[in-house]
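Enquirer: Dropping a structure here in structure tokens format, bear with me for questions.
The values are calculated or read from the model by the stated rules, or taken from the named source; none is laboratory data. The structure presented is a predicted model; accordingly, all values stated were derived computationally and were not measured. FYI the Cβ positions are ideal-geometry reconstructions off the backbone, even for glycines, and counts take in every protein chain you see. Side chains are part of the model used for accessible areas, which takes the heavy atoms of the whole protein and leaves out ligands, DNA and RNA. Shrake-Rupley method; radii C 1.70, N 1.55, O 1.52, S 1.80 Å.
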Amino acid sequence: MSRGSEKPDESPKWMNLMSFRTLLVSSMLLRVFLIIYGEWQDAHMEVRYTDIDYTVFSDAASLMASGESPYKRTTYRYSPLLALLLVPNSIFHRSWGKFLFSASDLLVGLFIREILKLRKVSEKVCTVSVMVWLLNPFTFTIGTRGNCEPIVCAMILWIIISLMKGNLSQAAFWYGLVVHFRVYPIIYALPIILVLDSKLFRSGQKPPLEDWNTLTSSTEKKTFRLKSLFSRERIMFGLISGGVFLACNAISFYFYGHEFLHEALLYHLTRTDPRHNFSIYFYHIYLHYERQFSAVEKLISFLPQFTVQLALVFSFSKDLVFCMFLQTVAFVAFNKVITAQYFVWFYCLLPLILPWSRMKLKWEGLLCIILWIGAQTHWLLWGYMLEFKGVNVFLQLWMASLVFLAANTFVLVKIIQRHRFSPLFRQYVSSDRKNVEKLD
């Protein structure tokens, strides 16, 4: 979203606010309609609207409400907190969870606007960016079908807001909680720790933010140095977030023992899914699923993911939100298991980087969208042949996974090339350097 010819937003504040309220209300009504429609489709059509995972969540919540372990429900591999949140499914109505997830979805839209306004992005650009989330067909169906990912997205954005406002202890608390709730946000630990500069996060003060209108030299991202790694702020963030994570796990282990440990944590670290999915590793896993994978094989699949994560963190950590977006896309693209619901992990961060993108929708942006959706559709066609027609197209499906990885890589490179690097926090300038600049 190029800003070169952007004119000052001259619309009255009440009109801008009303515009956003209209967007929010219409988005809410759309989600309510889809939840009600989903109930009708489930009752009258062979293909159900509700996600199969929602049935798993609801069954686990029902078990918890009756005093049993939610892990007695086969394939429930989440935190007990999720089952606890859905206990009202058994008390009030089975759609309670869908309304909760959709409310979290709307909350993500509010948080996107809050983050952009904190960086002084214009009202018009804010609204357009929020629309990318709220009016995205994938995101408004994910919650209404009963997927819990909007809750995770809302917590991640709240962590960013807390950091921007200087509330380190609050950010640390929610970070520990979200990693317990869903393991993957652990990838954000290093970039968050690296931006916690003691010169920026002074006691009781809000750290200075880099505004949207501030021009930043493209060479600034290369000046990163590891200084004061063990600062007070970093240690405090690590202790609080680590303490919350361990406390949540300890309480869960106390109630549900090794079932919790295996299903909610260890399973996700060692998961190998033989069913076809977008990952390039699925075919190898399918062919050798009945035997135990060696340590070398596990390392080979983990090494590219780990290497890319480190490269992105040490290149872009100052531009925290952009770094988190890149990390998430790369993490999903190189993961051993990829399902469509994983895409929402980076969809919630996409609107936060659009104001700093120099990519034009016509034609470069359109090319990236068509390429990404086209590669996904190509994979889905082969998946349909395998799943519904019973045709042996495993090799073609694996090749489609390779094409999808190539499309993800191409789009990621284009996004990096067209991004205007802008540190989240205004960089500290020493008094000596200020004096030199004045003399110059």
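Enquirer: Could you state the accessible area per residue of the range 95-214 in Å², with a 1.4 Å probe and every protein chain left in place?
Expert: Heavy-atom SASA per residue in the range 95-214 reads 32 Å².
Enquirer: Here is a further query. Among Leu196, Pro208, Val130, which residue has its Cα positioned farthest towards the positive end of the charge dipole of the range 104-214, with +1 placed on the Cβ of Lys and Arg, -1 on the Cβ of Asp and Glu, and the dipole taken about the Cα centre?
Expert: Positive-most Cα among the choices belongs to Pro208.
Enquirer: Does the range 51-93 come out rounded, prolate or oblate by the C-alpha gyration tensor, with a ≥ b ≥ c the root eigenvalues, rounded set by a/c under 1.5 and, if not, prolate when a/b is larger than b/c and oblate if not?
Expert: Because a/c hits 1.5 or more and a/b fails to exceed b/c, the range 51-93 counts as oblate.
Enquirer: Same structure again: Taking 2.2 N^0.38 Å as the expected size of a compact globular protein, what ratio does the Cα radius of gyration of the range 80-209 give against it, to two decimals?
Expert: Taking the Cα Rg and dividing by 2.2 N^0.38 Å, one obtains 1.17.
Enquirer: What's the magnitude of the charge dipole for the range 83-128 around its Cα centre, counting Lys and Arg as +1 and Asp and Glu as -1 at the beta-carbon? Answer in Debye, nearest 20.
Expert: In total the dipole reaches around 160 debye.
Enquirer: Still on this structure, please answer the following. Expressed as a whole percentage, what fraction of the accessible surface of the range 36-153 belongs to carbon and sulfur atoms when a 1.4 Å probe is rolled over the protein heavy atoms?
Expert: Roughly 64 percent, rounded to a whole number.
Enquirer: Between Leu269 and Ser19, take the C-beta separation as r, use R0 = 41 Å, and let me know the FRET efficiency to the nearest 0.05.
Expert: 0.35
Enquirer: Using 0.36 nm times the number of residues separating Glu364 and Gln170, minus their current alpha carbon distance, what extension gain do you get?
Expert: Length gained, Glu364 through Gln170: 65.9 nm.
Enquirer: Please give the contour-minus-distance gain from Gln417 to Ala311: 0.36 nm per residue of separation, less the Cα-Cα distance, rounded to one decimal in nm. Let's see the in-between values first.
Expert: Details: separation 106, 0.36 × 106 = 38.16 nm, distance 1.55 nm.
Length gained, Gln417 through Ala311: 36.6 nm.
Enquirer: Amide H neighbours of Ser357 under 5 Å, at least 5 residues apart or on other chains, H built in the peptide plane: list them.
Expert: Residues meeting the amide H criterion: Arg420.
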